[in-house]
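Participant: Shown below is the structure under consideration.
Values in this text are rule-based calculations from the coordinates and carry no lab data. Computed from a predicted model, the values in this text were never measured in an experiment. Here the Cβ positions follow ideal geometry from the backbone for every residue, glycine too, while neighbour counts run over all protein chains shown.
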Amino acid sequence: AQTVTQSQPEMSVQEAETVTLSCTYDTSESNYYLFWYKQPPSRQMILVIRQEAYKQQNATENRFSVNFQKAAKSFSLKISDSQLGDTAMYFCASPGYSTLTFGKGTMLLVSP
Amino acid sequence: DTGVSQNPRHKITKRGQNVTFRCDPISEHNRLYWYRQTLGQGPEFLTYFQNEAQLEKSRLLSDRFSAERPKGSFSTLEIQRTEQGDSAMYLCASSLGWDREYGYTFGSGTRLTVV
């Protein structure tokens, strides 16, 4: 069975600071993508960033970037210049044979 | 196309009643997934369809749960004889094939409260 572990249930950061959310995963897939999703309070889950496992270069989307360590099966999300709108649950997801497996999430609170 | 649509957004029901939720995926997406999310937890896989065929069901999907996607478009998830433990957010997502590159597009969910 695929497993995804997010070891930080909650994190707090002040506006403009940088924060890193951690994720480790286990998959038997050979060619795969990894995903970070964001779920703001009472709103739908949206994709933040994805990383192809075969690419050595870490993915970047504006203020969001990942640190992908394939050998360690680690896939952390870095948010730079945090904004109040970044307050949300963040979920890491890794693929199984036909569906995604999600971690338990990290609640990120950005304060003024 | 406005994305994945779920109805109702909220449902409060008495224990023992039956409830049905509906999901309308993105029109060109042939895969449709149902997940359950309890408070403070990540989404847990329930079942998925490719077109009208239900291809996989998790052990979380007890006999009281049934899902259909009769014409390969919208899907319904029915829970019979609801229990308090069924209280959760039920999420629907869709994808074009097993979209390993782009993942899923999620709906806003249906929050079920069993009293």
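Participant: With +1 assigned to the C-beta of every Lys and Arg and -1 to the C-beta of every Asp and Glu, and no other charges, what is the dipole magnitude of the stretch A:15-64 about the Cα centre in debye, to the nearest 20? Before the final figure, lay out each step's value.
Facilitator: Working: 5 positive and 6 negative charges, 34 e Å.
Its charge dipole is roughly 160 debye.
Participant: Distance between Cα centroids, the stretch B:1-51 to the stretch B:91-115: provide it in whole Å.
Facilitator: 7
Participant: Can you give the % of DSSP beta bridges in chain B that are antiparallel, to the nearest 5?
Facilitator: Working: 34 of 38 bridges.
For chain B, the DSSP antiparallel bridge percentage is about 90.
Participant: Straight-line reach from B:K57: which aspartates and glutamates fall under 19 Å, measuring Cα to Cα and dropping same-chain residues less than 8 apart?
Facilitator: Reachable aspartates and glutamates: B:E44, B:E68, B:E78, B:D86, B:D99.
Participant: Quickly work out the B:S66-to-A:I46 label distance, labels modelled 7 Å from Cα along the C-beta direction, and quote it in nm with one decimal.
Facilitator: It works out to 3.8 nm between the two label points.
Participant: Please compute the modelled spin-label separation between B:E101 and A:Q8, points set 7 Å along Cα→Cβ, answer in nm with one decimal.
Facilitator: Output for this residue pair reads 3.1 nm.
Participant: Three principal axis extents, largest first, for the C-alpha atoms of the stretch A:1-84, in Å?
Facilitator: So the extents along the principal axes, rounded to whole Å, are 38, 26, 21.
Participant: Of the cross-linked pairs A:K104/B:K11; A:K38/B:K71; A:K78/A:K104, which ones have a Cα-Cα span greater than 22 Å in the structure shown?
Facilitator: Values: A:K104/B:K11 24 Å; A:K38/B:K71 31 Å; A:K78/A:K104 18 Å.
Table pairs above 22 Å Cα-Cα are A:K104/B:K11; A:K38/B:K71.
Participant: According to the square roots a ≥ b ≥ c of the eigenvalues of the Cα gyration tensor, what is the shape class of the stretch A:43-112, taking rounded for a/c under 1.5, prolate for a/b larger than b/c otherwise, and oblate for the remainder?
Facilitator: Here the stretch A:43-112 falls in the oblate category.
Participant: Which of the peptides A:39-49, B:93-103 is most tightly packed, and how do the rest follow, going by the mean number of other Cβ atoms within 10 Å of each residue?
Facilitator: Values: A:39-49: 15.9, B:93-103: 17.5.
Ranked by mean Cβ neighbours within 10 Å, highest first: B:93-103, A:39-49.
Participant: Would you tally the net charge around B:S66, using a Cβ to Cβ cut-off of less than 11 Å, leaving B:S66 out, and scoring K and R as +1, D and E as -1? Don't jump to the answer; show the numbers that get you there.
Facilitator: Numbers: positive: B:K57, B:R64; negative: B:D63, B:E68, B:E78.
Residues near B:S66 contribute -1 overall.
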